[in-house]
Amino acid sequence: MSVRYALLGLLAQQPRHGYELRAAFEAVIGGKANWDVRPAQVYASLERQAEAGLIRQRSVGKAGGPEKRVYGLTAAGRKELQAWLEAETERAPEHDEFFLKLMIALATGAAQPRDMIHVQRTALYRRLHAVTARRQATDPKTSLAHVLLLDQAVMHLEADLHWLDMIEARLDEVRRQPLPRPAPRRRGRPPGAEVPSQIRDDG
Amino acid sequence: MPAVVTENLTKIYGAADASVTALDHVSLAVEPGEFVAVMGPSGCGKSTLLHLIGGLDRPTAGRVLLDGHDLSTLDDEAMSVLRRRNIGFVFQFYNLIPVLNAQENAALPLLLDGIPAERARSAATQWLERFELGGRQLHRPDQLSGGQQQRVAIARALVAEPTLILADEPTGNLDSQAADQIAALLGRVSREWGRTVLIVTHDPRIAAQADRIVFLKDGHVVDQTILERRDEGNIEIVADAMKRLTT
């Protein structure tokens, strides 16, 4: 969703053709490693937004070369962009797969939670090591914005590691509690519901 | 030859019913130039491990070998000399002398070893300049930020050109930004200046700089994680350790 608004923003900066837009997006986000947008996604978004009247397109021919489509922002597109920038940003709800795995392991006994925690902790530390190395290789004098983005990745990984420590510390307590079970299904009609006429006893 | 070896290292405090086993048959090896982070919950024995490796305390059982030398064969004076020349210590609360300036603090290990003052100060200046403190050499600790004080402490740890750096929660008393800088600096101590670095820490940012993380719990090694394979020796050490853990 936010990619389409980012494209509007990059067009507010200057008109661009599709390839330039994708390259500009990659530059602003700090590289493919942070957010990879496929060309098909960019062009599909541009078409939809053109249909919605948010962007305009014109063909530009180069002498001896193929025609290129250059995109620009309309007044409606500028208004849409502004509304997005000024609105609160909601975080997409996260479904934590590790939590799910842990509950299934506890329910089935098919894996040892402590072994799973070890595997997860190893993976998180390796990711943290890799992100830290990237952060150190990014020059804060020229790319401070990207350093801040990598800081966010570091903080999330630290929080995940802290959470793993908490789970490990309380695992025995969790085990002593009964596993969550679905509520029993209620049979019969809900209270206050009318009995259908064909089965009502009228006589 | 590994830079550090511990063999069945055990430390028990107290006696009889009131005894506490802080470290229980811990065996590990650290290769020259390796950066190892030791992590674990409070009370797991990690600081005890560091103190035994640094010769600041004696084990109840087992032994420590530094560059092949068994610490148990050294008397107090020989141990003191080894600590001064071969090991650099970095602590959580910097432990700088308030009345000395940064240069004097950093030069202290050399001065205590009888090195002429001019040579000692020159060596200290070199390290302080590497740590971007060249312009603050004449500042006393109370005129420096926490991060700057810790950098002076690390310069002091390196001034005698030891091969081994031991650090106990070096970022524990620092704000987030200073902690990041110290973590990166300690990474350089290993990668750029080739020292063996062993750090006890709660801080994942420090651990992220390491080649390997050793996890302690209740005085035992319970896990090891390799973050970066710098040479074959790294893999062998972990394989041996995991074998011991499972037998």
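Remarks
- Number of partner chain Cβ atoms within 10 Å, mean per residue of A:132-139: 3
- Rg over Rh, two decimals, region B:4-246 (C-alpha only, Kirkwood Rh): 0.97
- Applying 1/(1 + (r/R0)^6) with r as the Cβ-Cβ distance of residue B:56 and residue A:179 and R0 = 45 angstrom yields a FRET efficiency of 0.40.
- Seen from all directions on average, region B:7-114 presents a Cα convex hull projection of 8.9 nm².
- Largest mean-square fluctuation among A:189, A:16, A:58, in a Gaussian network model of chain A whose springs join Cα atoms under 10 Å apart, belongs to A:189.
- Among beta bridges identified by DSSP and lying wholly in the protein assembly as shown, the antiparallel ones come to about 65 percent.
- Rounded accessible area per residue of region B:4-246, 1.4 Å, Å²: 43
- Measuring how big chain A is from its alpha-carbon positions, Rg and Dmax come out at 26.7, 92 Å.
- For the segment A:152-159, counting C-beta atoms of other chains within 10 Å of every residue's C-beta and taking the mean gives 2.
- Expressed per residue, the C-alpha convex hull volume of region B:68-153 stands at 117 Å³.
- Gaussian network model of chain B, Cα within-10 Å springs - most flexible of B:92, B:177, B:148: B:177
- For region B:141-227, radius of gyration divided by Kirkwood radius, i.e. Rg to Rh on alpha-carbons: 0.98
- Judged by the mean number of other Cβ atoms found within 10 Å, the most tightly packed of the peptides B:97-108, A:111-122, B:124-135, A:94-105 leads the ranking B:97-108, B:124-135, A:111-122, A:94-105.
- Phi angles across region B:214-219 convert, under the Karplus curve 6.51 cos²θ - 1.76 cosθ + 1.60 with θ = phi - 60°, into 3J(HN,Hα) values of 10, 9, 10, 8, 6, x Hz, Gly and Pro given as x.
- Translational diffusion of region A:39-116, estimated by Stokes-Einstein from the Kirkwood radius over alpha carbon pairs at 10 °C in a medium of 1.306 mPa s, is 92 µm² per second.
- Buried on assembly, region B:178-205 (at least 10 Å² less accessible surface than by itself, 1.4 Å probe): B:180, B:184, B:204, B:205
- For the protein assembly as shown, the mean residue ellipticity at 222 nm estimated from helices alone is -15500 deg cm²/dmol, where every DSSP H run of n ≥ 4 contributes -39500 (n - 2.57) and the total is divided by all residues, rounded to the nearest 500.
- Lysine pair count for the protein assembly as shown with Cα-Cα distance under 25 Å and sequence separation of 8 or more or different chains is 9.
- Gaussian network model of chain A, springs between alpha carbon atoms under 10 Å - residue of A:22, A:186, A:56 with greatest fluctuation: A:186
- Buried area at the B-A interface (accessible, heavy atoms, 1.4 Å probe, summed, Å²): 1300
- Computed with the Debye formula from one identical point scatterer per Cα of the protein assembly as shown, without solvent, the log10 of I(q)/I(0) at q = 0.14 Å⁻¹ comes to -1.28.
- Region A:1-15 residues near the modelled residue A:47 label - backbone nitrogen below 20 Å, point 7 Å along Cα→Cβ: A:1-8
- Relative frequency of Cα-Cα separations exceeding 19 Å in region B:122-189, percent: 27
- Contact order relative to length of region B:4-246, as percent, for alpha carbon pairs under 8 angstrom and 6 or more apart: 27
- Carbon plus sulfur fraction of accessible area for the protein assembly as shown, probe 1.4 Å, in percent: 52
The values are calculated or read from the model by the stated rules, or taken from the named source; none is laboratory data. Not measured: the values here are computed from a predicted model. Here Cβ is always computed from backbone atoms with ideal geometry, including for glycine, and neighbour counts include all displayed protein chains. Side chains are part of the model used for accessible areas, which takes the heavy atoms of the whole protein and leaves out ligands, DNA and RNA. Shrake-Rupley method; radii C 1.70, N 1.55, O 1.52, S 1.80 Å.
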